[in-house]
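First comes the structure, then the notes that go with it.
The values are calculated or read from the model by the stated rules, or taken from the named source; none is laboratory data. Given the structure is predicted, the values throughout are model-derived calculations rather than measurements. Positions of Cβ are generated from backbone atoms using ideal geometry, with glycine treated the same way; all protein chains shown enter the neighbour counts.
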Amino acid sequence: MDEDGDGQISMAEMIRHTRTPGIGKSFFLQGFDLVKFREADTNNDGNISWDEFFHYLVENKMIDSTYVLRRMIDEQQEAHDQRVGNRILGMVALGVACLALVVALRK
């Protein structure tokens, strides 16, 4: 939807996205009209930043911020666990390589 990649949604981009047939509509944009766009645009620059959009969704109870935060924490934990698992595998591989070297040197 952010057609020009500037990290914001302009009113024109929002109109094109919500009115163009065949484009999959985001759940959060269902019923998101020009009035809501103006309400979400808190700094009145004619664009909605991610922060403005998220704040609007939370303030209007269109999204559960607790759920979003939990998901972010879960994703961080999963990424951490993956890194730890990769380190352990790396240490095991190094240990096996060292053991193989010791065995080879003893022959």
* Asked: Of all residues in region 43-85 being hydroxyl-bearing (Ser, Thr, Tyr) and surrounded by 11 or more Cβ atoms within 10 Å (Cβ to Cβ), which is modelled with the highest pLDDT?
  -> 49
* Asked: Which condition number does residue 39 fail, the rest of (1) in contact with a Phe, Trp or Tyr (Cβ under 9 Å, 6 or more places away or on another chain); (2) outside any helix (DSSP H, G or I); (3) at pLDDT 85 or above being met?
  -> (2)
